[in-house]
Amino acid sequence: MSIYAIGDPHLSFDERLDKPMDIFGDAWDNHAERLKENWIREIKEDDTVILAGDISWGLTKDEAYADFEWLHQLPGMKVIIKGNHDLWWTGITRLNMLYDDMFFLQNTYYPAEGTAICGSRGWICPGYDGFTPQDEKIYRRELLRLEASLKMARDSGIEDIIGVLHYPPTNDKLQKSGFTELFEKYGVRNVVYGHLHGKDAYRNGLNANLNGVRYQLVSLDYIDACPVLLKG
């Protein structure tokens, strides 16, 4: 009964989708097949796997359905956060009626073995070049969503919390943000996120302990398509 995490599977099994990921480098060669192999080797049916966004290239639930089915066939409970490319993500109640082994997390938390999984999509943080008033609006909304998730977990009496974002929790200068402040406020000790791809982008991500919180980048190419053990 362990908890793992991986971000950015970028699946596209629907025949209407033409999104080959290998154009982005060798790390994406046969990435879905490698993910499946690693997943089956590491994950058991009673484990939980956090998917930190960018699940499917489908624009609608209909186009993403083949990717949902592919995930459904893999062992474990899947807890899914929305990514910036998950344009199919609408109607959270209906999404959570699709499968009993997939939980689409929004404005709430998921309890797993005495641990609360809390999070939101996140957004680019103040301090990035070109940060606009519209970015500020979305950023503030995502802070509200994250705090709603964290507060609900704390109010339930759960003390151990794993935080999840799709976007990095800081800007590219690795300065503190509203996201890092919330994780500290609610006593989170471990945070995972995705979104960053390629060696140049990896340098813009926080992979360190900051004020007692451990931050880990878990995008698929960064962790070589192998889910990372967070608790076990």
Notebook entry, point to check: Restricting attention to region 129-232, which chymotrypsin sites (Phe, Trp or Tyr not before Pro) occupy a DSSP loop and are surrounded by at most 16 other Cβ atoms within 10 Å?
Noted result: Phe131
Note to self: Rounded, prolate or oblate, given the Cα gyration tensor of region 166-232, with a/c below 1.5 counting as rounded?
What the structure shows: oblate
Item checked: Exposure rank, largest accessible area first [Val228, Val191; 1.4 Å] -> Val228, Val191
Checklist line | Long-range HN-HN contacts of Phe13 with modeled amide H, under 5 Å | finding: Asp67
Item checked: Structure-based [θ]222 nm, the chain - -39500 (n - 2.57) summed over DSSP H runs of at least 4, per residue, nearest 500 -> -8000 deg cm²/dmol
Next item on the list: Grab the eigenvalues of the alpha-carbon gyration tensor for region 11-83, scale each by 5, take roots, and send me the semi-axes largest first in whole angstrom.
Entry: 20, 16, 11
Note to self: Can you give me the long-range amide H partners of Ile50? Hydrogens built in the peptide plane at 1.01 Å from N, cutoff under 5 Å, separation of 5 or more residues or another chain.
What the structure shows: Tyr4, Ala5, Ile6, Val79
Notebook entry, point to check: If you take the alpha carbon radius of gyration of region 85-146 and divide it by 2.2 N^0.38 Å, what ratio comes out, to two decimals?
Noted result: 1.37
Checklist line | Of Lys82/Lys137; Lys19/Lys61; Lys78/Lys185; Lys44/Lys78; Lys151/Lys185; Lys44/Lys82, those spanning more than 22 Å from alpha-carbon to alpha-carbon | finding: Lys78/Lys185; Lys44/Lys82
Margin query: Rounded to the nearest percent, how much of the accessible area of the chain (1.4 Å probe, protein heavy atoms only) is carbon and sulfur?
Written below: 50
Notebook entry, point to check: How much area per residue is accessible in the chain when the probe is 1.4 Å and only protein heavy atoms are counted (Å²)?
Noted result: 46
Next item on the list: Find how many whole Å separate the alpha carbon centroid of region 21-57 from the alpha carbon centroid of region 81-108.
Entry: 18
Item checked: Distant-in-sequence amide H partners of His85 (H built 1.01 Å from N, under 5 Å) -> Asp54
Note to self: How long are the semi-axes of the equivalent ellipsoid of the chain, defined as square roots of 5 times the Cα gyration tensor eigenvalues? Whole Å, largest first.
What the structure shows: 25, 21, 18
Check: Direction-averaged shadow area of the convex hull around the Cα atoms of region 1-137, nm²?
Finding: 9.8
Check: At a probe radius of 1.4 Å, what is the per-residue accessible area of Asp14, in Å² to the nearest 10?
Finding: 20
Note to self: Which chymotrypsin sites (Phe, Trp or Tyr not before Pro) in region 1-45 sit in a loop by DSSP (not H, G, I, E or B) and have at most 10 other Cβ atoms within 10 Å of their own Cβ?
What the structure shows: none
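The values are calculated or read from the model by the stated rules, or taken from the named source; none is laboratory data. Computed from a prediction, not measured in an experiment: that's the story for all the values here. As a convention, Cβ positions derive from the backbone with ideal geometry for all residues, glycine included, and neighbour counts pool all protein chains shown. In case anyone asks, the SASA skips ligands and DNA or RNA and just uses the protein heavy atoms, side chains included. Shrake-Rupley method; radii C 1.70, N 1.55, O 1.52, S 1.80 Å.
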